[in-house]
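Working notes, beginning with the structure itself.
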Amino acid sequence: MEASNTRTQTMDSHQAMWMYQKMSEIRYFEDTVHETFSKGVLPGFVHLYAGEEAVAVGVCAHLNDKDSITSTHRGHGHCIAKGCDLNGMMAEIYGKETGLCNGKGGSMHIADISKGMLGANGIVGGGFPLATGAGLTAKLQNTGGVAVCFFGDGANNHGTFHEGINMAAIWNLPVVFVAENNGYAEATPFSYASSCENIADRAASYGIPGEIVDGKDAMAVYEAAARAIKRARNGEGPSLIECKTYRNYGHFEGDAQKYKGSEEREEHLKDKDAILQFRQYMLEHNLSNEEGLNKLDEQVKASIQAAVEFAESSDYPDAGSLITDVYVDYTNTGRES
Amino acid sequence: MGRTISFSEAINEALAETMRRDKNVILMGEDVAGGAAVDHLQDEEAWGGVMGVTQGLVQEFGRDRILDTPIAEAGYVGAAVSAAATGMRPVAELMFNDFIGSCLDEVMNQGAKLRYMFGGKAKVPLTIRTMHGAGFRAAAQHSQSLYGMFTAIPGLKTVVPSTPAEAKGLLIAAIEDDDLVVFFEDKTLYNMKGEVPEGYYTTDLGKADIKREGSDVTIVAIGKQVHTALEAAEQLAAKGVQAEIVDPRSLSPLDEDTILASVDKTNHLIVVDEATPRCNVATDIAAMVADKGFDSLDAPIKRITAPHSPVPFSPVLEDLYLPSADTIVRTAMELTGEDTAMTT
């Protein structure tokens, strides 16, 4: 299979500006988290999405709040594309009570159910059955919604890949499985760990469409997602889209990335950069101009800076919240006899 | 003064020592070498596990024996069970013990039961190394201590080391052992340094260690809580209470005799376990002592554990989540208060 580059969708300026803004927000958010983490300010594990912006944004451009997405450990980009609040996200990464999960979840578990964002996920392969379940709800309650499962190339070898997609297919559920093939599962190349050449090849065994797109090309992702989501909304069942992409940073912060080739890194950070490519597309198609995009970049930078200030000035959670939210209707500490 | 190395280096040495002796010992797991099939990557640049614990092993033993797997826990843990049953002596690394959710069947229904179901005609000499423990800001799905869940399963053994020297000796013993052993490594102990003997040696499974002798209260503590208990013991000593710290080291088999003998001496028992409190090892040990050592006790048994909740991300909450030396001191003072008053 070859990456599809057929242009079937038209893009208006409003939509293009939204996509550019979201991609820019993801990039500045992640670059900022990268810098902050390197100063030792942030606790825990952080996995950054920079480089893969076109995938989350190109897909989520077609979604609304009644649509659900499942995410991965590399979830910040999905959150932003699905409309999660930047202040609440940053505060969550800082472990503050104003975070989207009140500081209880952290980077790997950011969620906003009200936006249909069903959570970043610390378990590789965790999203397949969850997206299938969200698709089941949409079908049984006839909401008109779809569920999108974002997953990495590492997850395509996990058993839940088979179980989740197969069920979505036999029940004809409105689910779109979006592979973010960035070439490496942690430090292990896709080609070593997977017995197939492409993740999309596996769609055939479930009798669903599988399409490969250039995941650095926001328009290509946007168009493929339009087809798959339309199909899902029309009751025609699930699809699989494989986006060939690249992560700019390591598996997690602190990864020296020696398994990556220097040429490929260079190429992806420059010529193949998703945001630069989309910016060029917008200029060529008169969807904006240099001045308009520069102004938007400045606004985005300011909003990320404001999010950092919000997070830093927020309080940590109260001690009492340690034992709340375990159950809906009772609190059982059980700590000391 | 002997040689000092880290907990992480001690584990690395245990693997190297056993692999040199027995060609059937292999290590498999996600990025245990790292960068498989990347032409330009030098072996010394390879990850050696997500925390670098197995770094360097691929240089000595090669990629046939330090085997990177896809992210497919059910696949490779199940394969390790069967490789063990058919003649190999594998060590499988389950990166975080939380990931057992993806491969519990392979451990619980296959590995742990083969020998019994087959009338004693099979053995499964498999060691599963896995990271556990809170305090790393790793949040709810990467911070649990699940040794209690495994200890509840007949047919497998559970080991939780607390020092570098014991980590090495216990891991070699686990690999030598002909049963399935789940070996828990606390991620917050990896950088801890300690004296570790050179060469090949084993530390017996099923034998507790008294980390500090005392006459007033027995504190049984698991994994890194041994160090919290030792810190509390220093504070208690200043208050005139002598705590005896018992480190079970292996939870299955459990050295009941050492625990009971200590309680018989001190007449008081506190169990410190950072796992959640329901059906955990602290509860199991408390029940065992209530059953077999009731006459030794002058006061109720106390358990100090995490609360019945997932591990929170926020540093302030996670610090509250873990048992603290202050809580142990307060509990021990309350428990022995009468005795102390009588003897002073």
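The values are calculated or read from the model by the stated rules, or taken from the named source; none is laboratory data. This one's a predicted model, so the numbers in the text were calculated from it and none came from an experiment. Every residue, glycine among them, receives a Cβ derived from its backbone with ideal geometry; neighbour counts consider all protein chains shown.
Return yes when A:F37 is within 25 Å of A:T72 (Cβ to Cβ), touching a helix residue (DSSP H, G or I) at 6+ places or on another chain (Cβ under 8 Å) and either crowded, with 23+ Cβ neighbours inside 10 Å or not polar (S, T, N, Q) (or both) and no when it is not. In short, no. Among the residues of segment A:78-93, just one is in contact (Cβ under 8 Å) with a residue 40 or more places away in the chain, among the small types (G, A, S) and farther than 20 Å from A:E253 by Cβ, namely A:A81. Is segment A:178-193 home to any residue that is crowded, with 24+ Cβ neighbours inside 10 Å, assigned to a helix (DSSP H, G or I) and away from chain B (no Cβ under 13 Å)? No: segment A:178-193 contains no residue that is crowded, with 24+ Cβ neighbours inside 10 Å, assigned to a helix (DSSP H, G or I) and away from chain B (no Cβ under 13 Å).
The sole residue among B:A287, B:A282 that is more than 25 Å from A:G105 (Cβ to Cβ), over 18 Å from the mean Cα position of the chain (by Cα) and not β-branched (V, I, T) is B:A287. State which residue is modelled with the lowest pLDDT when the search covers only segment A:36-54 and only residues that are over 20 Å from A:G122 (Cα atoms) and β-branched (V, I, T). Filtering first and then ranking leaves A:V41. The set of residues in segment B:295-321 being farther than 17 Å from B:I222 by Cβ, of a type in the set (S, T, Y) and at the interface with chain A (Cβ under 7 Å from one of its Cβ atoms) consists of B:S309, B:S314. Once segment B:26-48 is narrowed to residues that are crowded, with 20+ Cβ neighbours inside 10 Å and among the charged types (D, E, K, R), the residue that is farthest from B:E60 (Cα to Cα) is B:E30. Might you check whether a residue that is touching a His at 6+ places or on another chain (Cβ under 6 Å) and surrounded by 24 or more Cβ atoms within 10 Å (Cβ to Cβ) occurs anywhere in segment A:216-228? Yes, some residue in segment A:216-228 is touching a His at 6+ places or on another chain (Cβ under 6 Å) and surrounded by 24 or more Cβ atoms within 10 Å (Cβ to Cβ).
Of the residues examined, A:G154 is one that is assigned to a helix (DSSP H, G or I), at the interface with another protein chain (Cβ under 9 Å from one of its Cβ atoms) and among the small types (G, A, S). Scan (1) buried (at least 24 other Cβ atoms within 10 Å of the Cβ); (2) outside any helix (DSSP H, G or I); (3) within 14 Å of another protein chain (Cβ to nearest Cβ); (4) in contact with a Ser or Thr (Cβ under 9 Å, 6 or more places away or on another chain) for the single condition A:V46 breaks and write down its number. Checking A:V46 against (1) buried (at least 24 other Cβ atoms within 10 Å of the Cβ); (2) outside any helix (DSSP H, G or I); (3) within 14 Å of another protein chain (Cβ to nearest Cβ); (4) in contact with a Ser or Thr (Cβ under 9 Å, 6 or more places away or on another chain), the one that fails is (1). Every condition in (1) within 14 Å of chain B (Cβ to nearest Cβ); (2) of a type in the set (G, A, S); (3) free of Cβ contacts under 8 Å to residues at least 60 places away in the same chain; (4) farther than 30 Å from B:I270 by Cα holds for A:A319 except the one numbered (4). Of the residues screened, B:A290 is one that is surrounded by fewer than 16 Cβ atoms within 10 Å (Cβ to Cβ) and either facing chain A (nearest Cβ under 7 Å) or out of contact with any Pro (no Cβ under 8 Å at 6 or more places or on another chain) (or both).
Against the criterion of being more than 10 Å from chain B (Cβ to nearest Cβ) and either within 30 Å of A:I170 (Cα to Cα) or surrounded by 24 or more Cβ atoms within 10 Å (Cβ to Cβ) (or both), A:D112 qualifies.
Are any of the residues in segment A:20-35 modelled with pLDDT of 95 or more and more than 22 Å from A:E180 (Cα to Cα)? Yes, the conditions are met somewhere in segment A:20-35. Just one of the numbered conditions (1) among the hydrophobic types (A, V, I, L, M, F, W, C); (2) touching a helix residue (DSSP H, G or I) at 6+ places or on another chain (Cβ under 8 Å); (3) within 14 Å of chain B (Cβ to nearest Cβ) is not true of A:W171: (3). For the structure I just gave you, tell me whether B:A238 is closer than 27 Å to B:A165 by Cβ and of a type in the set (G, A, S). Taking the combined requirement at face value, the residue does not satisfy it. Please name all residue pairs, on different chains or six or more residues apart, with Cβ atoms under 8 Å, provided the first residue is in segment B:323-344 and is assigned by TED's automatic domain parsing to the domain that holds B:A282 and within 30 Å of B:S145 (Cβ to Cβ) and the second residue is among the acidic types (D, E) and at pLDDT below 95. Once the first residue is assigned by TED's automatic domain parsing to the domain that holds B:A282 and within 30 Å of B:S145 (Cβ to Cβ) and sits in segment B:323-344, its partners that are among the acidic types (D, E) and at pLDDT below 95 give B:T327/A:E336; B:T331/A:E336.
Output yes when any residue across segment A:267-282 is farther than 30 Å from B:A33 by Cα, out of contact with any strand residue (DSSP E or B) (no Cβ under 6 Å at 6 or more places or on another chain) and within 14 Å of chain B (Cβ to nearest Cβ), and no when none is. Within segment A:267-282 (the criterion being farther than 30 Å from B:A33 by Cα, out of contact with any strand residue (DSSP E or B) (no Cβ under 6 Å at 6 or more places or on another chain) and within 14 Å of chain B (Cβ to nearest Cβ)), the answer is no, since none of the residues qualifies. Please verify whether A:I208 is over 21 Å from the mean Cα position of the chain (by Cα), modelled with pLDDT of 95 or more and crowded, with 21+ Cβ neighbours inside 10 Å, treating the condition exactly as stated. It is true that A:I208 is over 21 Å from the mean Cα position of the chain (by Cα), modelled with pLDDT of 95 or more and crowded, with 21+ Cβ neighbours inside 10 Å. Of the residues screened, B:V316 is not one that is within 24 Å of B:T151 (Cα to Cα) and modelled with pLDDT of 95 or more. When B:D319, B:D298 are screened for being in a loop (DSSP other than H, G, I, E, B) and on the phi < 0 side of the Ramachandran plot, only B:D298 passes.
Tell me which residues, restricted to segment B:79-99, are on the phi < 0 side of the Ramachandran plot and surrounded by fewer than 20 Cβ atoms within 10 Å (Cβ to Cβ). Hits for segment B:79-99 are B:A79, B:S82, B:A85, B:T86, B:M88. Going through (1) more than 12 Å from chain A (Cβ to nearest Cβ); (2) without any contact (Cβ under 8 Å) to a residue 12 or more places away in the chain; (3) crowded, with 23+ Cβ neighbours inside 10 Å one by one, B:A233 falls short only on (2). Can you report the number of residues in segment B:319-333 which are in contact with a strand residue (DSSP E or B) (Cβ under 8 Å, 6 or more places away or on another chain) and not aliphatic (A, V, I, L, M)? The total comes to 3. Condition check for A:G95 on (1) buried (at least 24 other Cβ atoms within 10 Å of the Cβ); (2) closer than 24 Å to A:F151 by Cα: one failure, at (2). One residue alone among B:A33, B:A37 is in a loop (DSSP other than H, G, I, E, B), aliphatic (A, V, I, L, M), within 24 Å of A:Q257 (Cβ to Cβ) and modelled with pLDDT under 95, and that residue is B:A37.
In a residue-by-residue description of segment A:12-19, the property of being touching a strand residue (DSSP E or B) at 6+ places or on another chain (Cβ under 7 Å) and buried (at least 24 other Cβ atoms within 10 Å of the Cβ) applies to no position. Within segment A:259-282, being crowded, with 19+ Cβ neighbours inside 10 Å and in a loop (DSSP other than H, G, I, E, B) holds for A:Y259, A:K260, A:D273.
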